[in-house]
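What follows is a short report on a single structure.
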Amino acid sequence: VFADSDFVAASNWLEKIVAPLGLDNIKVSTGMMWYKPTKGGWSQVRAITRNLGDGLFHSIWSFIWGGSCAIDKKVFFKEKVPQVWGKAIFDDTSMSRHLRTLGYKIYFTPLAKVTQRESCSFTQFINQMTRSFAVNKKEDRQTWFLALFLGSIPTISWFSGIALLSLSSAFYGYFILPAVLLFSVLIPRVLGGLFLYHSRKENPVFIYLLPLADLVGAFCFIK
């Protein structure tokens, strides 16, 4: 079992992270970080980005998050994970790619989420996001391509919709319908975010920051 030293875990976290290893053909399980924003707007932006983005991503394409994961000990040594780490930049991205290539299923267990409280400035947010994209591009290209695809949809929808609304004011409302259709693509994402926060019994007041989070995330991806 691997865990970050700076998170807050529920009392049954260890039980939840190892439980899937008792299922047939499950040799790896992973949890997820849940950010609790502290003071400062960029702490809120990072929380909304990571909490909603990682939750969606894990549901579509599971990858190992090294801060909360468990792996069968025999598989760990049989598949030479320590040797893979010896040539890797990050532990989790390299292990995800290696085990996925060998045909292992990565089991995502939301019940093994852990909480982290950490302040975040604009510079820290940009550096962390950019580094994350860069590492995935180097060590786990499949995940990187999927992030490109999923990340481009909300970004294009937000800002294409805004552009069409601006044009509508100059062209007597001619572009309102396509603008509304673009924004409607985002409705499931917003509703999913509201449900996710509700399930965590938290106030989703910062969900209005989604457009800003998407814009800055796109900048970091390009950077």
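For segment 214-223, what are the residues that are closer than 9 Å to residue 49 by Cβ and either surrounded by fewer than 18 Cβ atoms within 10 Å (Cβ to Cβ) or touching a Gly at 6+ places or on another chain (Cβ under 8 Å) (or both)?
Within segment 214-223, 214, 217 qualify.
Checking residue 68 against (1) surrounded by fewer than 19 Cβ atoms within 10 Å (Cβ to Cβ); (2) touching a residue at least 60 places away in the same chain (Cβ under 8 Å), only one condition comes out false. Which one?
(1)
I'd like the full set of residues that are buried (at least 19 other Cβ atoms within 10 Å of the Cβ), closer than 17 Å to residue 4 by Cβ and of a type outside the set (Ser, Thr, Tyr), limited to segment 35-57.
Within segment 35-57, 46, 47, 50, 51 qualify.
Looking at the structure I just gave you, is residue 160 more than 30 Å from residue 39 (Cα to Cα) and not aromatic (Phe, Trp, Tyr)?
yes
Just one of 133, 108, 122 is surrounded by fewer than 16 Cβ atoms within 10 Å (Cβ to Cβ) and either in contact (Cβ under 8 Å) with a residue 60 or more places away in the chain or within 20 Å of residue 36 (Cβ to Cβ) (or both); which is it?
Step by step, each of 133, 108, 122 is checked, and only 122 is surrounded by fewer than 16 Cβ atoms within 10 Å (Cβ to Cβ) and either in contact (Cβ under 8 Å) with a residue 60 or more places away in the chain or within 20 Å of residue 36 (Cβ to Cβ) (or both).
For segment 7-92, give me every one of the helices (runs of 4 or more DSSP H) that falls completely inside it and has 1 or more residues that are among the small types (Gly, Ala, Ser) and in contact with a Phe, Trp or Tyr (Cβ under 9 Å, 6 or more places away or on another chain).
So the answer is 41-60.
Any idea which residue in segment 96-138 is nearest to residue 216 (Cα to Cα), counting only those that are of a type in the set (D, E, K, R) and not in a strand (DSSP E or B)?
So the residue we want is 131.
How many residues are part of a helix (DSSP H, G or I) and under 20 Å from residue 36 (Cβ atoms) when one looks only at segment 186-215?
Residues in segment 186-215 being part of a helix (DSSP H, G or I) and under 20 Å from residue 36 (Cβ atoms): 16 in total.
Being modelled with pLDDT under 80, of a type in the set (Phe, Trp, Tyr) and more than 18 Å from residue 64 (Cβ to Cβ): is that true of residue 149 here?
no
Which numbered condition trips up residue 151, out of (1) touching a residue at least 40 places away in the same chain (Cβ under 8 Å); (2) open to solvent by 40 Å² or more (accessible area, probe 1.4 Å); (3) not polar (S, T, N, Q)?
Result: residue 151 passes all but (2).
Restricting segment 185-202 to residues that are under 14 Å from residue 157 (Cα atoms) and open to solvent by less than 50 Å² (accessible area, probe 1.4 Å), which is modelled with the lowest pLDDT?
My answer is 186.
Could you check segment 144-168 and list, in sequence order, the residues that are farther than 13 Å from residue 133 by Cβ and among the hydrophobic types (A, V, I, L, M, F, W, C)?
149, 153, 156, 158, 159, 162, 163, 164, 165, 167
The values are calculated or read from the model by the stated rules, or taken from the named source; none is laboratory data. Every value quoted in this text rests on a predicted model; they were computed, and no experiment measured them. Here Cβ is always computed from backbone atoms with ideal geometry, including for glycine, and neighbour counts include all displayed protein chains. When the accessible area is computed, the model is the full protein with side chains, heavy atoms only, and any ligands, DNA or RNA have been set aside. Shrake-Rupley method; radii C 1.70, N 1.55, O 1.52, S 1.80 Å.
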